Amino acid sequence: MPVSHDDLTIERVETIILDVPLRRPHKFARVTMDAQPVLLTLIHTRSGVVGVGEGVVPGGPWWGGESVESMKVTIDTYVVPLLLGRRVDDIEGIWRDISDRVNANLYAKTAVEVALHDAWARCLGVPVHTLLGGLARTSIDVTWALGAEPEEVVVEEALAKLHAGEHRSFKLKMGALPPEEDTRRICAITEKLAGSAGVRVDLNARWDLMTSRTYLPRLVAAGVELVEQPVPGEQVEALAEINALLPVPVMADESLRTPVDAVRLVRLRAADVWSMKTTKMGGLRRSRDIVAIAKAADIPCHGGTSIETGIGTAASLHLACAAPGVTWGSELFGPLLFAEEILQTPLRYVDGELQLPEGPGLGVTLNLDAVAALRRTDLVRGE
Ligand code: MG
């Protein structure tokens, strides 16, 4: 059936904050979270098609300044009036108009941009990856984030996952402890795992150049195979110096959000691998542009996560499967960390890989009962 103007025209937009509990606390250098707030954005068209996008940051505004609360207010107040009456396939036109009204706020823009893609694809009866040009792959390797428990517990967890065939590599968060103690802990864990599993560390921009030069070579000597974002995002020159110093890849995450950031990283050869997160980049199209820049510079990309539920993870998976340059696996483990499922059919992890779901749009459907149960009623979370 041909798609009508009404099918495509936006009639209503809903933004819903959920607080989704985690299976175990997830620790970053600066914060620990035991529930992840997410903002679902639902775009309804006149004929009843609904597209869903997820705005989500890793546990609060420490990473990039946005939060689910700021996203909701920004979208409800400044973005929704620009959407009503527009067509869901006018994504570039809508992006331009939103960007004229709202600077930065890429996480909020992602929630809207992904919902537009989901709605448009559903109107056409095709998967979102078709709108991105089709498939380069149908699944992606998924690394696992180990917790901050004592060394023996962490090693035991990693070996159990390795032997069960669930994951082949592991990511350890660093930066919460003093550098000497942190390094000793991670070296002890790495020495037990290196050889049978890949071990990567993420400093989340916590160290300075001097600390990095002092401690990172020890981590590499212990067997760490990749170091993610040791220094603050804006210190790209320092990142480049560390990348030149270390014999293993340095991955850029906080330093990479826009195509302009990408060009700067290339010019300085500041990182050997780039962390792609649809959430931090403003959605699927900007992420695809950045992967294209990486590919032209011969830099592999990794499918990063902001700890998305199944909605945001599905969006990131469509991008990772559609963009040929995402060749360095992924950390799309978000749904495995959650204690509650918000999809009718969960995403499937098989033999260490996340499988692309089939069906129109993102290929996933919200469980509205679960959404209702996890919904936050006030903008600000009550304690
Ligand atoms: Mg990171």
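Some observations on this one:
- Residue check for ILE290: within 16 Å of the ligand (Cβ to nearest atom), over 23 Å from MET174 (Cβ atoms) and either touching a helix residue (DSSP H, G or I) at 6+ places or on another chain (Cβ under 8 Å) or not assigned by TED's automatic domain parsing to the domain that holds TRP207 (or both): yes
- Yes/no for ALA314 being among the aliphatic types (A, V, I, L, M), within 30 Å of ARG267 (Cβ to Cβ) and touching a residue at least 24 places away in the same chain (Cβ under 8 Å): no
- Here ALA322 meets the list (1) open to solvent by 50 Å² or more (accessible area, probe 1.4 Å); (2) touching a residue at least 60 places away in the same chain (Cβ under 8 Å); (3) at negative phi almost entirely, failing just condition (1).
- Within this structure, SER212 passes the test of being touching a residue at least 24 places away in the same chain (Cβ under 8 Å), buried (at least 18 other Cβ atoms within 10 Å of the Cβ), among the hydroxyl-bearing types (Ser, Thr, Tyr) and within 20 Å of GLU180 (Cα to Cα).
- Residue check for GLY55: crowded, with 18+ Cβ neighbours inside 10 Å, farther than 12 Å from ILE307 by Cβ, modelled with pLDDT under 95 and under 19 Å from the mean Cα position of the chain (by Cα): no
- Residue within the range 349-358 that is touching a helix residue (DSSP H, G or I) at 6+ places or on another chain (Cβ under 6 Å), open to solvent by less than 60 Å² (accessible area, probe 1.4 Å) and small (Gly, Ala, Ser) present: no
- Checked against (1) of a type outside the set (Gly, Ala, Ser); (2) within 16 Å of the ligand (Cβ to nearest atom); (3) open to solvent by 10 Å² or more (accessible area, probe 1.4 Å), VAL224 passes all but condition (3).
- No other residue among GLU66, GLU14, GLU113 is among the acidic types (Asp, Glu), within 30 Å of PRO178 (Cα to Cα) and outside the structural domain of GLU228 (by TED's automatic domain parsing) apart from GLU66.
- The residues on offer are VAL154, VAL114, and the sole one that is in a helix (DSSP H, G or I), hydrophobic (A, V, I, L, M, F, W, C), open to solvent by less than 10 Å² (accessible area, probe 1.4 Å) and at pLDDT 95 or above is VAL114.
- Residue count for the range 67-115, restricted to those that are under 19 Å from THR313 (Cα atoms) and not small (Gly, Ala, Ser): 9
- Residue list for the range 278-298, restricted to those being open to solvent by 10 Å² or more (accessible area, probe 1.4 Å) and either closer than 30 Å to PRO346 by Cβ or outside any helix (DSSP H, G or I) (or both): ARG285, ARG286, ARG288, ALA297, ASP298
- Residues being farther than 15 Å from LEU146 by Cα and in a helix (DSSP H, G or I) - total across the range 192-226: 14
- Output for the range 236-269, where each listed residue is part of a loop (DSSP other than H, G, I, E, B) and either of a type in the set (Ser, Thr, Tyr) or away from the ligand (no atom under 15 Å from the Cβ) (or both): LEU246, PRO247, VAL248, SER255, THR258, ARG269
- The lone criterion from (1) in contact (Cβ under 8 Å) with a residue 40 or more places away in the chain; (2) touching a Leu at 6+ places or on another chain (Cβ under 9 Å) left unmet by GLY125 is number (2).
- Verdict on LEU317 being away from the ligand (no atom under 16 Å from the Cβ) and either closer than 26 Å to ASN103 by Cα or surrounded by 24 or more Cβ atoms within 10 Å (Cβ to Cβ) (or both): yes
- A single entry from THR278, THR305, THR327, THR309 fulfils the requirement of being among the polar types (S, T, N, Q), under 19 Å from PRO58 (Cα atoms) and away from the ligand (no atom under 15 Å from the Cβ): THR309.
The values are calculated or read from the model by the stated rules, or taken from the named source; none is laboratory data. This structure is a prediction, so every number in the text was calculated from the model and none was measured. Positions of Cβ are generated from backbone atoms using ideal geometry, with glycine treated the same way; all protein chains shown enter the neighbour counts. For the accessible areas, the whole protein counts, side chains as well, though only heavy atoms, and no ligand, DNA or RNA atoms are used. Shrake-Rupley method; radii C 1.70, N 1.55, O 1.52, S 1.80 Å.
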